[in-house]
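The values are calculated or read from the model by the stated rules, or taken from the named source; none is laboratory data. The structure displayed is predicted, hence computed values, not measured ones. A quick note on method: Cβ atoms are made from the backbone with ideal geometry, for glycine too, and the neighbour counts reach across all protein chains shown.
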Amino acid sequence: MNMIEKTLSRKTVFTGNIISLDIAEVELPDGRMAAREVVNHPGGVCVAALNDKDELLFVRQYRYPYDAVLLELPAGKLSPGESPLECGRRELMEETGAAAGQFIPLGQLYPTPGVCNEIIHLFFAHDLTIGKTSPDEGEFLEVETIPLKQAVEMVLDNRIKDAKTQIAVLKLYENKRRGLL
């Protein structure tokens with residue numbers, strides 16, 4: 001069955017500092033027309049950094065859209081021309097002060113495929129050296145370490161609500177359980 005939608009027109013109606021918004025007219029596989037709204041995002045990374053005590057490095061930070069402080073793995077958006085690995089190294093250092101001897105890809109995820117083209121690249125980082133944090137201007141973070149098994153429980157009982165963090169924690173745990181990492 002053909003499920004591909006043909007773009008007939010696409011116009012950017014908003015451009016901000018991080019995202020832009022396009023409105024498109026598409027032809028559906030059955031020939032009908034439909035409108036699509038697309039949030040364009042540069043993409044980002046999420047780093048599951050595990051220390052030698054089998055603890056993950058987390059950050060707590062206020063997230064304006066939810067009016068709440070969330071517990072998340074270190075993460076951030078890609079800068080123009082930056083590779084996901086470069087971004088992961090940069091964000092881990094800025095947010096936690098940690099440098100990792102090794103980064104292993106854990107895959108990618110599409111956080112909101114119905115409206116946004118963002119891709120988040122997941123990494124496992126280990127062989128950590130801890131230094132000084134250097135958060136971005138206007139970024140206020142608290143670093144926290146949590147044992148991997150406890151982090152899994154926190155995902156399962158919804159104390160960790162951030163999607164990228166949930167997936168990275170569970171992928172890391174399961175890959176380690178299977179002996180793949």
Quiz item: Can you tell me which residues in the stretch 36-56 are closer than 24 Å to Tyr173 by Cβ and among the hydrophobic types (A, V, I, L, M, F, W, C)?
Solution: Val45, Cys46, Val47, Ala48, Ala49, Leu50, Leu56
Quiz item: Which condition number does Val26 fail, the rest of (1) outside any loop (DSSP other than H, G, I, E, B); (2) touching a residue at least 40 places away in the same chain (Cβ under 8 Å) being met?
Solution: (2)
Quiz item: Which numbered condition trips up Gln102, out of (1) over 22 Å from Asn17 (Cα atoms); (2) touching a residue at least 60 places away in the same chain (Cβ under 8 Å); (3) not charged (D, E, K, R)?
Solution: (2)
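Under the condition of being in contact (Cβ under 8 Å) with a residue 12 or more places away in the chain and more than 30 Å from Lys176 (Cβ to Cβ), which residue from the stretch 67-82 is surrounded by the most Cβ atoms within 10 Å (Cβ to Cβ)? Give the steps one after another, and end with the answer.
Taking the stretch 67-82 and keeping what is in contact (Cβ under 8 Å) with a residue 12 or more places away in the chain, we get 70-80.
Those still in the list that are more than 30 Å from Lys176 (Cβ to Cβ) too: 79-80.
Working: Ser79: 11, Pro80: 5.
So, considering only residues that are in contact (Cβ under 8 Å) with a residue 12 or more places away in the chain and more than 30 Å from Lys176 (Cβ to Cβ), the one surrounded by the most Cβ atoms within 10 Å (Cβ to Cβ) is Ser79.
Among the residues of the stretch 134-142, are any assigned by TED's automatic domain parsing to the domain that holds Leu70, surrounded by fewer than 13 Cβ atoms within 10 Å (Cβ to Cβ) and either without any contact (Cβ under 8 Å) to a residue 24 or more places away in the chain or in contact with a Leu (Cβ under 9 Å, 6 or more places away or on another chain) (or both)?
We begin by selecting, within the stretch 134-142, every residue assigned by TED's automatic domain parsing to the domain that holds Leu70; these are 134-142.
Now narrow it down to the ones that are surrounded by fewer than 13 Cβ atoms within 10 Å (Cβ to Cβ): 134, 136-138, 140, 142.
Of the ones still in play, those that are also either without any contact (Cβ under 8 Å) to a residue 24 or more places away in the chain or in contact with a Leu (Cβ under 9 Å, 6 or more places away or on another chain) (or both) are 137-138.
The answer is yes; a qualifying residue exists.
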Quiz item: When the stretch 103-133 is examined, which residues are found to be among the aliphatic types (A, V, I, L, M), surrounded by 15 or more Cβ atoms within 10 Å (Cβ to Cβ) and within 30 Å of Ala35 (Cβ to Cβ)?
Solution: Leu109, Ile119, Ile120
Practice problem: Name every residue in the stretch 51-65 that is in contact (Cβ under 8 Å) with a residue 60 or more places away in the chain and either farther than 15 Å from Phe124 by Cβ or assigned to a helix (DSSP H, G or I) (or both), in order of residue number. | Solution: Lys53, Val59, Arg60, Gln61, Tyr62
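Evaluate the following for Gln166: is it surrounded by 16 or more Cβ atoms within 10 Å (Cβ to Cβ), within 23 Å of Lys53 (Cβ to Cβ) and without any contact (Cβ under 8 Å) to a residue 24 or more places away in the chain? So that I can check it myself, show each step before the final result.
Working: surrounded by 16 or more Cβ atoms within 10 Å (Cβ to Cβ): yes; within 23 Å of Lys53 (Cβ to Cβ): yes; without any contact (Cβ under 8 Å) to a residue 24 or more places away in the chain: yes.
Against the criterion (surrounded by 16 or more Cβ atoms within 10 Å (Cβ to Cβ), within 23 Å of Lys53 (Cβ to Cβ) and without any contact (Cβ under 8 Å) to a residue 24 or more places away in the chain), Gln166 qualifies.
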